[in-house]
Amino acid sequence: AAAAGDFAAANLVREGGRRLGHVVASLVSFLNPGMVVIGGGVSRLGHQLLAEVRSAVYRRSLPLATGNLPIVLSELGDLAGVIGASWSATDQAFAAA
């Protein structure tokens, strides 16, 4: 609905993006990752959500942590969680004891 121009839906996406961005900003400050990838079902909300997340993260985090920090949408879409879980299971199964 937001992509079709529904004002209320677009506001909900923006508010959700801001809230998600606040959480991601805390994680960025604590973990200092090299990249943030937003995946799963929420990634279907697209660039409108991504813009709000980026804005919140860049506002709330230190410039040193976000200077070269890409925040992108996953290319895996809804399969991101399943693929991530299978990689984790594979790593655990084949890890040296």
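The values are calculated or read from the model by the stated rules, or taken from the named source; none is laboratory data. Since the model is a prediction, treat every value here as computed from it, not as a measurement. Neighbour counts run over all protein chains shown; Cβ positions are idealised from the backbone, glycine included. Keep in mind that these areas ignore ligands, DNA and RNA; they rest on the heavy atoms of the full protein, side chains included. Shrake-Rupley method; radii C 1.70, N 1.55, O 1.52, S 1.80 Å.
Some points to look at:
- Taking the longest Cα principal axis of the chain as reference, the axis of helix 7-31 is set at about 40 degrees.
- Apolar share of the accessible surface for the chain: 62 percent from carbon plus sulfur atoms, 1.4 Å probe.
- Accessible surface computed residue by residue for region 1-82, with neighbouring protein chains in place and a 1.4 Å probe, gives 63 Å² per residue.
- Approximating the spin labels as points 7 Å out from Cα along Cα→Cβ, the LEU62-to-ALA4 distance works out to 4.6 nm.
- Each peptide among 44-50, 19-25, 81-87 gets the average number of other Cβ atoms lying within 10 Å of its residues, and from highest to lowest they stand as 19-25, 44-50, 81-87.
- Expected 222 nm ellipticity per residue - DSSP helices of 4 or more, -39500 (n - 2.57), all of the chain, to 500: -19000 deg cm²/dmol
- Cα gyration tensor shape of the chain, rounded if a/c is under 1.5, else prolate or oblate by comparing a/b with b/c: oblate
- R0 of 30 Å, Cβ-Cβ distance ARG19-HIS47: FRET efficiency to nearest 0.05: 0.95
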